[in-house]
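Before any comments, here is the structure.
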Amino acid sequence: MEAVIDNKTINGKANLEVFSSTLQELAAGDRNIMVVTSDSRGSGKLVPFGQKFPKQIVEIGIAEQNLVGVAAGLASAGKKAFAVSPACFLTARALEQIKNDVAYSDNPVKLVGISAGVSYGALGSTHHSLHDYAVLRAINNITIVAPADNYETAEAIKLAAAMVKPVYLRFGKKNMSDLDAFDESPFQFGKGRIIREGSDVAFIATGETVYPALQAAKKLEAENNIHATVISMHTIKPLDYELLASTANKCKAIITVEEHSVYGGLGEACASFLLQHKSPSTGGGWGGSFKIIGIPDEYTVTGSQNEIFSHYGISESGLANTALELMKRVNNV
C-alpha cells in the first residue's frame, strides 16, 4: 500500500491498520482483550477484529460517554479494554468520564483516539482534535502516546495491553514510513526515540509530524550543511526529560512539531521544562532559541491534511525554513 507525503512515496501502512492487526494477534491468545467502539469499527479498521472475535467486541453506538463508562467497567473487572473512537469526540464529549471513571478511579482503560489531529481534513474544526494533548496533560494518572510509524504503533499496542494504568493512544489516518532509528534502544513509554543525530538544531516531533521533520533534516544537511537531530517524542506524558535535557545541552536551537494547538501540547511541555531546568552551561534555564510549530490559535484553513500541514509550515520545506531562521538568530546573522 502506497501514499504520498511531501511528494515522497510511502510504502508503509496506516498506523490504524497496524493497531488492528496487532490487536488481533494479542486477542488470539488473550480472551481478556476487549474492544469497545462508538460506531467506529469501520473507521478504526476493526471489522476484521469483530469477525474473528465477535465475543470480544462491544458496539456502543454514537455515545462516547457511555463508551468510556463501559470500558472502565470492563477494566475494573479485569478486562483489557480498548475504547476506540474519533479523537475529537473521545477527548471532548467524554472528558468527564476519562477524568473520573478512568483516571481518578485508576481503571486501566486503553483510550484510542482515531483520525486525530487534522486527519478529517475538509470536515473542518468540528472534527479536528487539536485539544487532546492539552486537556489530558492536565489530568493526573494517564499516559499520552502518539506513535510516529508502524513499528512504534505495534510496540505501543503491546505495551498498552500489558499496562495496569490508563493510557491514551493517538492515531491518524495516512500511511506512515517506517523510521530507521539512530538509537536502537527498545521502545518504551516515556523514552523518546532518536531518529537522526546532529549538533546544530533539533526537531522534537510527535506522531505524524515526525516524518516531515526527518525530511526537513535531510534537506538542511544536503543544501545548507546544517546537521539536525530528529526525535520522535512519542510519549507526551510522561515526557522524556533526560533526553530533552541532553538535546538542549547539545543543540543551540530546538523546534517542536505537533499536529495540535500550539497551546498546551508537546511544545509547551518542552518549553516549561527547558525554562525551569538548570543548564550546566548557564546555571539557569536553557538559553537557546526555541520555536513551537503546530496549529495557531485560529480555526484551521479548509483542505486535506497535507494541505493544512503545508499551510502551517508542518512540511519538509516549511520546517527547513524555520530551522534556517532559528539558526540565523543563534548565529546573530
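The values are calculated or read from the model by the stated rules, or taken from the named source; none is laboratory data. Computed from a prediction, not measured in an experiment: that's the story for all the values here. Glycine also receives a Cβ, built like all others from the backbone with ideal geometry; neighbour counts cover every protein chain displayed.
Residues are listed down the side, and each one gets a yes or a no for (1) farther than 19 Å from Gly264 by Cα; (2) surrounded by fewer than 24 Cβ atoms within 10 Å (Cβ to Cβ):
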residue	(1), (2)
Val118	no, no
Ala122	yes, yes
Ala134	no, yes
Tyr151	yes, yes
Glu155	yes, yes
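Which of the residues that make up segment 173-192 are surrounded by 18 or more Cβ atoms within 10 Å (Cβ to Cβ) and at pLDDT 95 or above?
Listed by number, the residues that qualify are Phe189, Gly192.
Check segment 163-173 and report whether any residue there is in contact (Cβ under 8 Å) with a residue 24 or more places away in the chain, more than 29 Å from Lys80 (Cα to Cα) and either assigned by TED's automatic domain parsing to the domain that holds Asn100 or charged (D, E, K, R) (or both).
The answer is no; no qualifying residue exists.
What's the total number of residues in segment 116-131 that are out of contact with any strand residue (DSSP E or B) (no Cβ under 7 Å at 6 or more places or on another chain) and closer than 14 Å to Ala146 by Cα?
1
Can you name the number of the only condition in (1) surrounded by fewer than 18 Cβ atoms within 10 Å (Cβ to Cβ); (2) modelled with pLDDT under 95; (3) of a type in the set (A, V, I, L, M, F, W, C) that Ala222 fails?
(2)
Residues in segment 124-172 that are more than 23 Å from Leu74 (Cα to Cα) and among the β-branched types (Val, Ile, Thr): how many?
Summing the residues that are more than 23 Å from Leu74 (Cα to Cα) and among the β-branched types (Val, Ile, Thr) in segment 124-172 gives 3.
For residues in segment 21-40 being in contact (Cβ under 8 Å) with a residue 40 or more places away in the chain and in contact with a helix residue (DSSP H, G or I) (Cβ under 7 Å, 6 or more places away or on another chain), which is farthest from Ala87 (Cα to Cα)?
Of everything passing the filter in segment 21-40, Leu26 is farthest from Ala87 (Cα to Cα).
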